[in-house]
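Report on the structure given below.
The values are calculated or read from the model by the stated rules, or taken from the named source; none is laboratory data. In this text the structure is predicted, and so the values were computed from the model without any measurement. Here the Cβ positions follow ideal geometry from the backbone for every residue, glycine too, while neighbour counts run over all protein chains shown. Protein only, heavy atoms only, side chains kept; ligands, DNA and RNA dropped before computing areas. Shrake-Rupley method; radii C 1.70, N 1.55, O 1.52, S 1.80 Å.
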Amino acid sequence: MNNVLQAVRDYMVLFLTKNLSDQLTFHNVGHTYEVVSAVREIAQECLLSEEDICVLQVSAWFHDSGYAYSYKGHEEESKKIAKKFLENYGCNKDFIGKVLQCIDSTKYPQNPVSEIGKIICDADMFHLTRTNYTKYEKALRLEFEKYLGLTFTDEEWQMENNNFFIKHQYFTKYGQNILAKFKEVNFLLMNSSNKF
C-alpha cells in the first residue's frame, strides 16, 4: 500500500505543479496537500482498514487534478486521471473503484455513499474550520470571478458565505462533533466582523 501511495504522491505533486493554472487561487496544490492531511486526521478517528486509509489518501491526491483540464465537471477529469494512473500502476479493480467513488463523492452538492466517501467530503471542507478562513473565502471568490464569471458585492459575497455555512453539514462523527464547532466559530467571527 505504501508503494502506491508514494508513487501517487510523487506523480501528483509533479502533475499538479506543472498543470494547474496559477489563476486557481483556491483549488491549487496547497489545497490538495491540506485535503490529504485532513483525510489522515479524520481517518485516525475512524476504524478503517489499511486499504481504506490508502484509498482515502490516494483519492485526496487525485480529487481536484481535473482542474488542469476543466473547471466545471472537474471530478470526471480527476477520475480519468486517477483511473489511468492506477491501472498503469497495476492496482486492482476494487481499489480503483473505491478511489473513483471517493472522488465522485466530492462533487457539490456532496453526496457520499460510503464511510470513506464521508471522510473525503469532510476533508474537502476542512478549510471551513481554519483560523485563517478569510484567506480561503477570498481565494474562492477570485476563482468564481475568473472561472465562472460570478462577481459579487461584498454584501452579496457575505450572504453567499452565510448561506453556504448554514447549508453545509459534516458527514462523519468527527466532523459533526469536532469540525462543526470550529466552523461555527468562523461563522460567528465572519458575521461579527462584516457589518454593512
Assign unit charges at the C-beta atoms only (+1 for Lys and Arg, -1 for Asp and Glu), then state the dipole size of segment 49-196 relative to its Cα centre in Debye, rounded to the nearest 20.
120
Here the averaged projected area of segment 38-196, based on the convex hull of its alpha-carbon atoms and given in nm², is 9.6
Can you tell me how much longer the chain between residue 155 and residue 44 gets when fully stretched, taken as 0.36 nm per residue apart minus their C-alpha distance, in nm with one decimal?
36.1 nm
Just to verify a number: FRET efficiency for residue 37 and residue 189, C-beta to C-beta distance, R0 = 30 Å, to 0.05?
0.85
Equivalent-ellipsoid semi-axes (√(5λ), Cα gyration tensor) for segment 151-196, whole Å, largest first?
24, 12, 5
Work out the count of Lys pairs in segment 100-196 where the Cα-Cα distance is under 19 Å, with the pair 8 or more places apart or on different chains.
16
Once a ≥ b ≥ c are taken as the square roots of the eigenvalues of the Cα gyration tensor of segment 104-196, is the result rounded (a/c under 1.5), prolate (a/b larger than b/c) or oblate (a/b not larger than b/c)?
oblate
Shape metrics for segment 19-101, restricted to C-alpha atoms - Rg then Dmax, Å
13.1, 38
How do 77, 87 stack up against each other in accessible area, from largest to smallest, with a 1.4 angstrom probe?
87, 77
